[in-house]
Amino acid sequence: MEITATLPNTAEPLAADHAKAGQEYVFPPRPVREPGETAFEIGLWLSGLEGFLCNWDRISRETQKPGDADANWTKELRLTFSALLICSELNYELRKGLIAGTGQPASSHTAVKDLSVEDCNALVLELRDLIALNKGLIDAGTARFDTWRSWKELLINKLRTLPTAAKFAREWEQGGLDHLPKDLQQLLSRKSLSFSDRADLTEVLSRFAVIIRSLEVVGRMLRGDEPLKTTVLIFAKVHEISQDLIMFINSRLTRFQDESAELFASLDGASYTASLELKKVYQQELTGLVGIRPAPSIHAKVETAFASLNDSFEQILAGFARLVEPDVVITDLFPGIHLKLERSLSLRRALWKALRSVKAAEADPQKGLIDAVRKELTAFMHEPVNYLFFKDRDTLERFTEEVFATTENKDLVPILHRFGAYLETLFGLVNMRTLLASHPFVESK
C-alpha cells in the first residue's frame with residue numbers, strides 16, 4: 001500500500017531520509033493489521049491532536065510565548081498537518097481492511113464495533129478540507145501567534161463537532177479491559193471484592209490498559225525508526241488521561257473505609273508512582289520537544305520518555321496482579337519485558353566490568369591493565385552499548401575513541417579518570433531502571 005501526499009514548500013520533512021520539503025512524500029507500506037488496531041490508532045491520533053492543541057503549551061514548558069511578536073508558529077502548523085496526514089493514511093488502511101474482510105463492495109455497511117466503511121468515507125471528507133486549509137497556512141510562510149491561535153481554535157472545534165471525527169476519537173478509549181493480562185482480568189472476578197471496589201478497579205485497570213496500548217504506538221515508531229516529533233500528540237493525550245486517572249484514584253482513596261486493605265495500598269502506590277513518573281517525563285524529558293530540530297535529540301527524548309512511562313505503568317499493573325497472585329512475575333504478565341530485563345541485566349554487568357577495569361588502569365596504568373580496558377570496551381561496543389538509551393551512547397562512544405586513540409600513559413590517565421566518573425554515573429542510572437527494582441546488584445568477583 002502506498003499513499004502519496006504533496007508536502008508544502010516550507011514544511012519539515014516527515015522522514016528526513018526519504019523526502020525533502022516541496023517534494024512528493026511516499027508513506028512506507030505498513031503490514032496488514034486487524035481493522036480494530038487501525039481504528040484504535042485513528043482515534044488515538046485524533047484525540048491526541050486535540051490534547052496537543054488544548055494542553056501541550058501548559059505541560060511541556062515550550063520556550064515560545066503567545067506575546068512574543070517575533071515567534072514563528074509554523075512548526076506547530078507542521079505538526080497538525082502531519083497528524084492529519086497520518087489520520088488520512090490510517091483511514092485509507094482501515095477502509096481497505098473493512099472491505100477486504102468481508103469481500104463486499106465499498107458501499108456496504110461493514111462494521112468494526114461501531115465503525116463502518118461509510119464512516120471511513122465520511123472521515124475522508126472531514127479531513128480533506130482541514131488538510132487543505134492547514135497546507136495553505138504553511139505555504140503562507142511565517143505564522144504569527146494570531147494565525148496559530150485562530151487555526152488552533154478552529155481545529156479544536158472541528159475535532160469536537162464533526163460527527164465522524166468525534167466518533168473515531170472516542171474509539172481509542174474502548175475495549176481497554178480486553179488488552180489486560182489474564183491475571184488482571186481474573187482480579188476483577190474475585191468474589192471477595194465488593195461491587196464498589198470491583199467497579200472502581202475496573203475503571204482504573206481499563207484506563208491503565210488504554211495508556212499502555214497508546215504508548216505502544218510510540219514504541220513501534222521508535223523500533224521502526226519513524227519520524228518522532230509527532231509523538232508529542234500521543235504524549236499529550238497520555239498526560240491528560242493519566243492525570244484524570246490519578247484524580248479518580250485519589251478521589252476513591254478519600255472514600256476508602258479500610259486503609260489497611262491491600263486494594264487501598266495498591267491504589268495509593270499506583271497514584272504516587274504515576275504522579276512521580278509524569279512529573280519526571282513531562283518536566284524533564286519532553287520539555288521543549290516541539291522546538292527541537294536535530295533528529296538524534298528528538299529520538300533521545302522520546303525513547304527515554306517512552307521507556308520511563310511504559311515500564312512504570314506496567315509495574316503498576318503488576319502490583320494490582322499481585323492482589324490475585326502474590327508471587328506473580330511481571331515477565332509472565334508482559335512477555336515483552338523479559339527481553340528488556342535480560343538486556344538491562346546484561347548492560348549492568350558489562351558496565352560494571354568496564355568500570356572496574358577503567359578504575360584499575362587509572363590506579364596503575366601498566367600495559368596489561370590498559371589492554372584489559374580496551375578489551376572490555378571492545379566487548380561492550382559489540383553488543384551491550386545497544387541496550388543504552390540513545391542519549392547515553394554518544395558520550396560513551398567518544399570516551400571509547402579517546403581511550404583507543406591515546407597511546408601515552410600520561411595522557412591516558414586523566415581520560416580514564418573522567419571516563420571512570422562517567423561510567424559510575426551511568427551505572428547508577430541503569431541500576432535505577434524500573435525493570436531492575438526487584439533485581440538488586442550483587443558485585444561480582
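Since every read-out is calculated from the coordinates, none of them should be taken as a lab result. Note that the structure is predicted; figures quoted are calculated from it, not measured. We place every Cβ from the backbone using ideal geometry, glycine too, and count neighbours over all the protein chains shown.
Of note:
- Here the calculated FRET efficiency for VAL442 and HIS382, from their Cβ-Cβ distance with R0 = 35 Å, stands at 0.90, rounded to the nearest 0.05.
- Rounded to the nearest 10 degrees, the inclination of helix 390-405 to the longest alpha-carbon principal axis of the chain is 30 degrees.
- Net charge over other residues, Cβ less than 12 angstrom from the Cβ of VAL328 (K, R count +1; D, E count -1): -2
- At an R0 of 22 angstrom, the distance between the Cβ atoms of LEU125 and LEU154 translates into a FRET efficiency of 0.85.
- Degrees separating the helix 336-363 axis from the principal Cα axis of the chain, which is the longest one: 30
- Rg to Rh quotient for the range 250-367, alpha carbon positions, Kirkwood Rh: 1.13
- Within the chain, longest stretch clear of exposed GluC sites (Glu not before Pro) (DSSP loop, no more than 13 other Cβ within 10 Å): 3-258
- Reach of LYS96 by Cα under 14 Å, taken over aspartates and glutamates that are not fewer than 8 positions away in the same chain: GLU2, GLU34, GLU37, GLU118, ASP119
- Choice from PRO384, PRO227, PRO365 with maximal GNM fluctuation in the chain (Cα, 10 Å cutoff): PRO365
- At q = 0.08 Å⁻¹, base-10 log of I(q)/I(0) for the chain (Debye sum, equal scatterers on each alpha carbon): -0.57
- Extension gain, GLN174 back to SER260 (0.36 nm per residue minus Cα-Cα distance, nm): 27.7 nm
- 13 Å reach of a label modelled at ARG343, 7 Å along Cα-to-Cβ, counting backbone N of the range 369-397: 383-391
- Cβ-Cβ FRET estimate between GLN366 and LYS391, R0 fixed at 30 Å, reported to 0.05: 0.30
- Note on the range 151-237: with charges restricted to the Cβ of Lys and Arg (+1) and Asp and Glu (-1), its dipole about the Cα centre is near 160 debye.
- Gaussian network model of the chain, Cα within-10 Å springs - most flexible of ARG144, ARG255, ARG190: ARG255
- Spin-label model distance (nm) - GLU325 vs ALA100, 7 Å beyond Cα toward Cβ: 3.6
- Segment ARG190-LYS353, extension gain: residue separation times 0.36 nm, minus the distance between their alpha carbons: 54.0 nm
- Electrostatic bookkeeping for LEU412 treats Lys and Arg as +1 and Asp and Glu as -1; over the other residues with beta carbon under 10 Å from its beta carbon, the sum is -3.
- Compared with the dominant Cα axis of the chain, that is its longest principal axis, helix 295-321 is turned about 80°.
- Net length gained if the chain between ARG144 and ARG33 were fully extended (0.36 nm per residue, minus Cα distance): 35.9 nm
- Cross-link reach is defined here as a Cα-Cα straight distance under 18 Å, omitting same-chain residues fewer than 8 places apart; for LYS340 the lysines meeting it are LYS391.
- When only alpha carbons are used to place a centre, the range 194-233 and the range 360-402 end up 37 Å from one another.
- Highest-MSF residue in the chain out of ALA405, ALA307, ALA100 [GNM, Cα springs under 10 Å]: ALA405
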